[in-house]
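The values are calculated or read from the model by the stated rules, or taken from the named source; none is laboratory data. Note that the coordinates shown come from a computational prediction; the quantities given were computed from them, not determined experimentally. Using ideal geometry, Cβ is built from the backbone for each residue, glycine included, and neighbour counts are taken over all protein chains shown. These accessible areas exclude ligands, DNA and RNA; they are computed on the full protein's heavy atoms, side chains included. Shrake-Rupley method; radii C 1.70, N 1.55, O 1.52, S 1.80 Å.
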Amino acid sequence: VYPFSGLVLKWGEGIAGWSVKESKIISIPRMKHDRLAPNGGPPHLSVQSLLCVPLPVRSRALGVISLNSRRAGAFTPEHQALLERVAHHTALEIENHRLYELSVTDALTQLYNRRFFVRRLEDEIGRAERVGEPLALCLADLNGFKLINDGHGHPVGDEVLLAVARRFRLKLRAYDIAARYGGDEFSFLFLNAGRK
């Protein structure tokens, strides 16, 4: 069994956690001789050398790539330079994906937003016409939702919207598209789904 399988570190915990918290590269050629590894590190892991490179985005780190070896002095400056390049590209990909998700996702419900839905609807109508597949569109709103907001406040209304969005995600197929169209309105696109 790989010794780090399922290991979750808190922010700043352990050497890798400290590396990401401080946004600093850590290279330890011999664990038992390093001040960052008291008592030589966890004895049950048999780690002799360690290389941690943070995933840099602007002035912070998103995470860390950590290499370890049971052999002392396993990582050379060339290993570090290569891992720095990998970490840089990985961080950019993660950040670009995060920014894309923010641009197409409704902040409250985590469903797609209206702008994404309309663009996707146009694309799917064109595709359905080209390949001759059925396509279904559904628009829905929550009856009496204004009464919830007015009577119990917007935080309760937000909880209702979240609960409804969770229910939609559970019931829809993986390739169907659900969006918060606005307020208490939702829109759905069912791919390859005709009348039944």
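In segment 56-90, what residues are modelled with pLDDT of 95 or more and open to solvent by less than 20 Å² (accessible area, probe 1.4 Å)? Matches in segment 56-90: L83, A87. R173 meets all of the listed conditions (1) without any contact (Cβ under 8 Å) to a residue 24 or more places away in the chain; (2) among the basic types (K, R); (3) part of a helix (DSSP H, G or I) but one, namely (3). Does segment 173-190 hold any residues that are open to solvent by 20 Å² or more (accessible area, probe 1.4 Å), aliphatic (A, V, I, L, M) and within 13 Å of L137 (Cα to Cα), and which are they? Once the filter is applied, which keeps residues that are open to solvent by 20 Å² or more (accessible area, probe 1.4 Å), aliphatic (A, V, I, L, M) and within 13 Å of L137 (Cα to Cα), segment 173-190 yields nothing. For beta carbons closer than 9 Å, sequence separation of 6+ or different chains, a first residue in segment 56-79 that is at positive phi and a second that is part of a loop (DSSP other than H, G, I, E, B) and surrounded by 16 or more Cβ atoms within 10 Å (Cβ to Cβ), the qualifying pairs are G73/P29; G73/Q48. Applying the condition of being polar (S, T, N, Q) and assigned to a helix (DSSP H, G or I) to segment 76-135 and asking which residue is farthest from P155 (Cα to Cα) yields Q80. The condition (being open to solvent by 70 Å² or more (accessible area, probe 1.4 Å) and in contact with a Ser or Thr (Cβ under 7 Å, 6 or more places away or on another chain)) is satisfied by just one residue among L139, L162: L139.
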